[in-house]
Amino acid sequence: LPVNGSVSMTFTSTSTQGSAAITTYAWASNGSPICSNSSTCTAPFGTPSNTITLIVTDSNSNTSTATGQVNITH
């Protein structure tokens, strides 16, 4: 990736509902929201280290959290 450039990446949730329907998907990069309520997320990344978090909530208000790391080399 060129210096000061960015690259778009797409993430897809593999969450499956249990006894209650999934109602929200909350995607964040380094703690900042990056996508609206969708099971997929496409966002640009330009910083070297990015912590990606997905919080899924069901209709009973139960949550599940997944975290991953995206590292970019300039």
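The values are calculated or read from the model by the stated rules, or taken from the named source; none is laboratory data. Note that the structure is predicted; figures quoted are calculated from it, not measured. No Cβ is skipped: glycine too gets one built from the backbone with ideal geometry, and neighbour counts run over all protein chains shown. Just so you know, the surface numbers come from the protein's heavy atoms only, side chains and all, with ligands and any DNA or RNA stripped out. Shrake-Rupley method; radii C 1.70, N 1.55, O 1.52, S 1.80 Å.
Ligands, DNA and RNA are left out, and with a 1.4 angstrom probe the accessible area of the chain is 62 Å² per residue.
Counting protein heavy atoms only, the chain has 50 percent of its accessible area on carbon and sulfur, 1.4 angstrom probe. So I have [x] 20.1, 59; [y] 15.2, 59; [z] 13.8, 47, and one of them is Rg and Dmax of the Cα atoms in Å calculated from this model. Which one is it? Step by step, Rg and Dmax of the Cα atoms in Å for this structure corresponds to label [z]. Placing a label point 7 Å from the Cα of I55 along the Cα-to-Cβ direction, the residues of region 29-47 whose backbone N falls under 18 Å of that point are 29-41. Taking 0.36 nm per residue of separation and subtracting the Cα-Cα distance, full extension of the segment from S32 to S13 would add 5.1 nm.
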